[in-house]
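Peer 1: For reference, the structure I am asking about is given below.
The values are calculated or read from the model by the stated rules, or taken from the named source; none is laboratory data. These figures come from a predicted structure and were not determined experimentally. Here the Cβ positions follow ideal geometry from the backbone for every residue, glycine too, while neighbour counts run over all protein chains shown.
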Amino acid sequence: MRFHHSIPLLVYLATSSKADLCIKGAFKLTLEEECSVETLKDAYEELYNNEVLKDDSCSNTVEEDLAEILGTADLDAGVQALCAGADLGNTIPFEEISHENPDDLFTKTYFDGGTYWNEEVQTTLETGQNTKVLQDDAAKVNRFYESEASYGVVEWPDHLSNFELDKCEINAAMCCWPQDRQAGDNNGNCNQRYDNRCKDKDPADNTDLCLVNMNRAPGSVPVGSDGIIVHENDDGDGEGAIHCHGFAWSNNGNHASNRYKANNLFYVSMYDHMTQRGYVRNIHGSPMCACLEQMPVVTRSDCTQIDVEETFEISVDTNGKASAKLTSNDIDFNACQGKNNNNNDLEAYVARLVDEGHITKKQQESLEGIIVGNDNCPRAQERYLAAAGIVRGISTDKYDIVYEFPEVMTDEFVHGLCVAGASQAAASSSYDELTYDAVSDFRAGVKAFGDRDYTYGGVLDTVCADGIFLKPSRHKEIDRFTSITIGANPSSGATVTVCAIVEGDGRGNNRRDGGWINELAEKYRFSVTSHDNSDSELRYKLSNKRGVAMALLCKELPEMPTVSPTPRPTGPPVTISGAPEVTFTFPATATKRFIHGISVQGASSVKASVVRKKKFPYYVMPFGTGPIRAWGNRNYNIEGQDTTPYTTGATYLKPHKHKKIDRGTVIEVVMEREGNGAMVLCAFVEPGSQNGNWPQSLAKLGWTDHGTSYDEFYWKEGHKKHPWHLLCMPM
């Protein structure tokens, strides 16, 4: 039986009172089951309806009295604030569950997949004595479940890197186990006899492991670990059996899922899965349990929710000031009740929390990037690899310009690709059965698809004429969510024109256009050329038949900026030269690695290129005021560009590469001035050994070195902020 104590309704009379309230004196209210407006009203009405306690001259309603007590007419917000700040009594540090010494590293090591709880397997000695018995070694876990875990408040282990709340933005945590160490519990395939039937045994398989990003949990993997481990197949052909189980909590600190999230962490990790099922160890490259952001990418996860009955005591003093205290609780741990009756599923439970207003849509979208859904491992692998600069079949070392199209969003997709102004071009996809052949001198009569005899007509009057046509191997049977990447080298100059040829009239209402007409035109500023029902329009056809019209979506890459005139900087005065176009060649980089960005203020057009050493592209875009992606091959963002007078309103030249830039690389920027205004070129580098030696070499050329004085200007890696060393020069 669980220990449960409650306090009955108590009323205290005093000699003084707050004149605005109908109840005189100090008093206490008991809220049963939960802390809410409804339970507060019910408790207060018992006093309000008591003729002895109520002031006869008072005309307030119950709601008006409660508004006085809570200090706000918004009773919901007032109750939430009151109970969120409730005195929870003697909370329990998490370390006390697992080890007698709270300063011991046992708990941290356990959550990373270590300690004898995870690493040992029961053994029978020659004497017949059993050793390393999990139920004996972790007996404290079972005792804690029967006591404090079910009626206390456990403290969240925020001091452990696995569970730092400021990095736990999704409001979810998860454990994943690859091993079963305990027999006789009807879970996993660890069986008697232990010595030869319970080594490297599997848990019940409930998910597919897609990949592990070893950069995610620096506090849990060996120092220097880097890279992505991709698991392409499932079960015996891939990662083997994996079992994942998690939980999520509300943004509302007064919600039970939030208040008892540490209780849930204990239950999921130590009790329900370790002592009751024997599930142990971590997946290589990741912790065993952590906030979701640090965990492997998987297709699904089981889920436990907290259900609790609480009793709160609300004390109101003679001045009408209210305070709250948690006096009892009774916790049950149950399978999550998810959206659309999809239970015991973490993704579905979070969808329910979104519908109920407990978690934001943005948090849900972040979760869906880690729990990706059944059969979606290939898609997730391609996206993560692309974000790391690894694109199937397209090498940024081979091609100066690399562009990844949005995912295909229709069940059938009819398309082709072409590149104008390129000496070389190629394309690849995440769908193994979709490949591309490069055809030079694109013109009428060229075969449209590898598996059909259709040919193109109407090519002559398009930008694709005489360009490189990238012929898809398939006509229409292309999987939804396929990602397609194109690479090209300009034949002259620094730009090419990339075009997508998709079935439809250009209005975005065709079920076989991949969703590209709307996506590319509206979000990525591709120009759309639609058909006009003439015989000369772009079509694919068989023999002399009229054929099927195709829309053309084109864009010049790297993209040139479309920015409004830039205001004159408020910094030091600049010198305005008379030339409309200015070229600046940066000194050769002098460090093994180089982290940088470039901006130009007051330019109508600008472009950058590598003129010596291994080439990579720069993408041109307005800097804006919000976070902007820093590099083409990383998901890190730049923030605070509007906090310096030299980058505010500027155009950003985004390097494709984050840091793997050869020593001796020479970069050239060509700028065209906006009218007769000032034009300022800035370079920002990471302080230290990856700065290319630009602070020294540019200072010798007369550049102003602002150092790291603009501390709100930085690039962000997760929650870690990296300041920029800023150098600028009027052009």
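Peer 1: Can you confirm whether G184 is of a type outside the set (K, R), out of contact with any Leu (no Cβ under 9 Å at 6 or more places or on another chain) and without any contact (Cβ under 8 Å) to a residue 40 or more places away in the chain? So that I can check it myself, show each step before the final result.
Peer 2: Working: of a type outside the set (K, R): yes; out of contact with any Leu (no Cβ under 9 Å at 6 or more places or on another chain): yes; without any contact (Cβ under 8 Å) to a residue 40 or more places away in the chain: yes.
Criteria met by G184.
Peer 1: Scan (1) within 26 Å of A217 (Cβ to Cβ); (2) surrounded by fewer than 20 Cβ atoms within 10 Å (Cβ to Cβ) for the single condition I371 breaks and write down its number.
Peer 2: (2) is the only condition that I371 fails.
Peer 1: Next question. From the list N130, N118, N142, which one is modelled with pLDDT under 90 and on the phi < 0 side of the Ramachandran plot? Can you show your working first?
Peer 2: Numbers: N118 fails: modelled with pLDDT under 90; N142 fails: modelled with pLDDT under 90.
Answer to the selection: N130.
Peer 1: Which is more than 18 Å from R539 (Cβ to Cβ) and assigned to a loop (DSSP other than H, G, I, E, B), of D461, D437, D479? It would help to see each step written out before you state the result.
Peer 2: Working: D461 fails: more than 18 Å from R539 (Cβ to Cβ); D437 fails: assigned to a loop (DSSP other than H, G, I, E, B).
Matching residue, one of D461, D437, D479: D479.
Peer 1: Turning to a different aspect of this structure: Report the residue count in the range 144-165 for those that are assigned to a helix (DSSP H, G or I) and under 17 Å from Y110 (Cβ atoms).
Peer 2: Our first condition is that a residue be assigned to a helix (DSSP H, G or I); within the range 144-165, this holds for 144-146, 148-151, 161-163, 165.
Narrowing further to those that are under 17 Å from Y110 (Cβ atoms): 144-145, 149, 161-163.
Adding up the residues that qualify gives 6.
Peer 1: Here are some conditions: (1) touching a residue at least 12 places away in the same chain (Cβ under 8 Å); (2) more than 24 Å from S161 (Cα to Cα). L125 meets all but one. Which one does it not meet?
Peer 2: The single condition L125 does not satisfy is (1).
Peer 1: Follow-up. Determine which member of the set E382, E365, E347, E356 is within 23 Å of K261 (Cα to Cα), surrounded by 15 or more Cβ atoms within 10 Å (Cβ to Cβ) and among the charged types (D, E, K, R). Can you show your working first?
Peer 2: Numbers: E382 fails: within 23 Å of K261 (Cα to Cα); E365 fails: surrounded by 15 or more Cβ atoms within 10 Å (Cβ to Cβ); E356 fails: surrounded by 15 or more Cβ atoms within 10 Å (Cβ to Cβ).
Every option except E347 fails the conditions.
Peer 1: Could you tell me whether the range 707-717 includes any residue that is in contact with a Lys or Arg (Cβ under 7 Å, 6 or more places away or on another chain), in contact (Cβ under 8 Å) with a residue 12 or more places away in the chain and loosely packed, with under 14 Cβ neighbours inside 10 Å?
Peer 2: Going residue by residue through the range 707-717, those that are in contact with a Lys or Arg (Cβ under 7 Å, 6 or more places away or on another chain) are 714.
Add one more test, that the residue is in contact (Cβ under 8 Å) with a residue 12 or more places away in the chain, and what stays is 714.
Filter once more, keeping what is loosely packed, with under 14 Cβ neighbours inside 10 Å: none.
No, every residue in the range 707-717 fails to be in contact with a Lys or Arg (Cβ under 7 Å, 6 or more places away or on another chain), in contact (Cβ under 8 Å) with a residue 12 or more places away in the chain and loosely packed, with under 14 Cβ neighbours inside 10 Å.
Peer 1: Can you say whether K700 is buried (at least 23 other Cβ atoms within 10 Å of the Cβ) and of a type in the set (K, R), as far as the supplied structure shows? Break it down stepwise before answering.
Peer 2: On the way: buried (at least 23 other Cβ atoms within 10 Å of the Cβ): no; of a type in the set (K, R): yes.
No, not satisfied.
Peer 1: Within the range 76-115, count every residue that is modelled with pLDDT under 90, among the acidic types (D, E) and surrounded by 16 or more Cβ atoms within 10 Å (Cβ to Cβ).
Peer 2: Total meeting the criteria: 2.
Peer 1: Among residues belonging to the range 280-334 that are crowded, with 21+ Cβ neighbours inside 10 Å, over 22 Å from A348 (Cβ atoms) and of a type in the set (S, T, Y), point out the one that is nearest to the chain's Cα centre (by Cα).
Peer 2: Among those that are crowded, with 21+ Cβ neighbours inside 10 Å, over 22 Å from A348 (Cβ atoms) and of a type in the set (S, T, Y), it is S286.
Peer 1: Can you pull out every residue in the range 114-141 that is in a loop (DSSP other than H, G, I, E, B) and either under 13 Å from R181 (Cβ atoms) or not assigned by TED's automatic domain parsing to the domain that holds M270 (or both)? Show your work before the answer.
Peer 2: Filtering the range 114-141 down to residues in a loop (DSSP other than H, G, I, E, B) leaves 114-115, 120-122, 125-129, 132-133, 138.
Once the filter is applied, which keeps residues that are in a loop (DSSP other than H, G, I, E, B) and either under 13 Å from R181 (Cβ atoms) or not assigned by TED's automatic domain parsing to the domain that holds M270 (or both), the range 114-141 yields T115, E120, V121, Q122, K132, V133, A138.
Peer 1: Return a yes/no flag: does the range 478-492 have any residue that is closer than 20 Å to Y399 by Cα, surrounded by fewer than 17 Cβ atoms within 10 Å (Cβ to Cβ) and over 33 Å from the mean Cα position of the chain (by Cα).
Peer 2: There is at least one residue in the range 478-492 that is closer than 20 Å to Y399 by Cα, surrounded by fewer than 17 Cβ atoms within 10 Å (Cβ to Cβ) and over 33 Å from the mean Cα position of the chain (by Cα).
Peer 1: Moving on. Restricting to the range 392-408, what's the tally of residues that are at pLDDT 90 or above and surrounded by fewer than 20 Cβ atoms within 10 Å (Cβ to Cβ)?
Peer 2: 0
Peer 1: Here's a check for you: in the range 650-666, which residue that is more than 16 Å from D400 (Cβ to Cβ) and more than 27 Å from the chain's Cα centre (by Cα) is surrounded by the fewest Cβ atoms within 10 Å (Cβ to Cβ)?
Peer 2: So the residue we want is G664.
Peer 1: Could I ask something else about it? Which residue, of E365, E293, is of a type in the set (D, E) and within 16 Å of L209 (Cα to Cα)? Break it down stepwise before answering.
Peer 2: Working: E365 fails: within 16 Å of L209 (Cα to Cα).
E293 is the lone residue from the list that is of a type in the set (D, E) and within 16 Å of L209 (Cα to Cα).
Peer 1: Moving to a separate point now. Check A500 against each of (1) at pLDDT 90 or above; (2) touching a helix residue (DSSP H, G or I) at 6+ places or on another chain (Cβ under 7 Å); (3) surrounded by fewer than 23 Cβ atoms within 10 Å (Cβ to Cβ) and name the one condition it does not meet.
Peer 2: (3)
Yes/no per residue for (1) out of contact with any helix residue (DSSP H, G or I) (no Cβ under 9 Å at 6 or more places or on another chain); (2) surrounded by 20 or more Cβ atoms within 10 Å (Cβ to Cβ):
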| position | (1), (2) |
| --- | --- |
| T124 | no, no |
| Q135 | no, no |
| F144 | no, yes |
| Y151 | yes, no |
| E164 | yes, no |
| C176 | yes, yes |
| N187 | no, no |
| Q192 | yes, no |
| K199 | yes, no |
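Peer 1: Looking at the range 680-712, which of its residues are in contact with a Pro (Cβ under 7 Å, 6 or more places away or on another chain) and in a loop (DSSP other than H, G, I, E, B)?
Peer 2: Selection gives P687, T708, D711.
Peer 1: Cβ-Cβ under 7 Å, sequence separation 6+ or interchain: first residue in the range 277-295 and assigned by TED's automatic domain parsing to the domain that holds I242 and in a strand (DSSP E or B), partner of a type in the set (D, E) and buried (at least 24 other Cβ atoms within 10 Å of the Cβ). Which pairs?
Peer 2: Within 7 Å, the pairs are Y279/D180.
Peer 1: Search the range 45-69 for residues that are modelled with pLDDT under 85 and pair each with any residue that is of a type in the set (D, E) and surrounded by 17 or more Cβ atoms within 10 Å (Cβ to Cβ) when their beta-carbon atoms are under 9 Å apart and the residues are at least 6 apart or on different chains.
Peer 2: Partner pairs satisfying both residue conditions: none exist.
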